[in-house]
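Encoded as structure tokens, the structure appears first; notes follow it.
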Amino acid sequence: MEGDTVAEARTAGLNGLSQESKPVEDLTNGRSNHKHGLNGLTPEGHNLKDHVNGNSLLKSLPISALKQNGLLQSLAAGGEPQETEEESAEVQQAREQWEALESIQPVLSEDSAPTPLISFNEALQHFQTTDLSELLRDIQPTLRRSGLAAITHFLFGPPRLHRELTEERDLVFAIARCSLDNGQKVHTRVLQTIYKRLTGSRADCPRYGPHWETVGFQGTDPATDLRGTGFLGLMHTLYLVMDPEMLPLARDIYRLSQHPTQNFPFSVMSFNITRIALHALREEALTRECNRRQQVVGVLNEFYVATFLHLFQVWKSQQKTITDSGFVLKELETFAKKNPKQILRRLEAFLRERRTGGGVRLSPDTPSHNASPRNGGPRIGPPAASRGKELNFTGVCELPPEMEGEARLI
């Protein structure tokens, strides 16, 4: 009888302890789990009172066990705790995916790969195989003369261009009327090539943006600076930066264009040199050399580089600045058109000196800018009263016909 009484007392005691353990239900968001404590995690060596005390329980759990605790994960996610087995599977899957990322090698898509450089010949071939009939109808390959000027030119002027070269000459003037087309991949490759060769960048740059001012454009869209020379302006710059023998000169000119006081917009200045070359070709100043070498594009390219070299030497040696540019360009055009053979020979001598490792002259073989033009040297520079005058950037093609010969930055 006493044994039965002791057993009933023990049972009553356990029931009382079970009721005292209700705080566990509150701790577990209303879900009672007396046998397993918090989400089935009951550390060995602790009695039931320890389970009732939440602080004691959390102190006893290792960090790894807390990470797997469904209650803590549910609170972090703002929802109900899930079963341990399900969350373990999710964690395992996430860990496998994360580890797999370490073995993945980045692969550039075709669109994100850098645009390949383009050579001058490849770009020229594009125009040779493109239908330019619409543009060819509007070109003016020679200067129209009338009256006494026509008779004088016929009697004493340069010889006519050989008939087999007229198609090549007309192609040049057609390219000069071609605008920049974003839909033409060759056009964008030419732009990217010029930018990369001048700046040394390997990555592509956006089609629009202030970065174009770095290479001497006047705004965020290079197309706006082509109104005077069309795509031929970019073709000449491409030739300058892609020809291995001309590239060092291109970078010398580009460095001068970044000078603190003698700076100038490189690309805009280059387009002005192209305009001078176009005028020389239209006025038949290059006809004799074209006939001798039986080509037009090659002669025009070298004349462009030779004229740019002459500008570079004068600009650097005579400490020219942007306020002098209009006068410098006007004198440069006059001298280049009157002395095409001489200016081409200077380029040849300049390149020969570089090949042999000789010193490069900074000034051309002409007298200083104070010399008289009758002595053969161009007096490049504005009058003293005009040196401080601001430069007006105007498109050459927007000038009236009678003003076409005036040189100024486009």
Just want the answer: with Cβ charges of +1 for Lys and Arg and -1 for Asp and Glu, which residue in 194, 208, 174 is farthest toward the dipole's positive end in region 172-211? 194
Among 185/320; 196/316; 185/330; 196/338; 185/316; 196/337, which pairs are too far apart, with a Cα-Cα distance over 30 Å? 185/320; 185/330; 196/338; 185/316; 196/337
Once amide hydrogens are built 1.01 Å from N within the peptide plane, the residues lying 5 or more places from residue 204 or on another chain with amide H under 5 Å from its amide H are 115
Descending packing, highest mean Cβ count within 10 Å first, for 206-215, 329-338 is 329-338, 206-215
Can you work out ³J(HN,Hα) from phi for every residue in region 216-224, in order, using Karplus 6.51 cos²θ - 1.76 cosθ + 1.60 and θ = phi - 60°, giving whole Hz and x for Gly and Pro? x, 7, 8, x, 8, 10, x, 4, 5
Report the charge-dipole magnitude of region 190-275 in Debye, nearest 20, computed about the Cα centre from +1 at each Lys and Arg Cβ and -1 at each Asp and Glu Cβ. 60
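FYI, it's all coordinate maths here, none of it is from the lab. What you are looking at is a predicted structure, and each value in this text was computed from that prediction instead of being measured. Glycine gets a Cβ as well: all are built from the backbone with ideal geometry, and neighbour counts include every protein chain shown.
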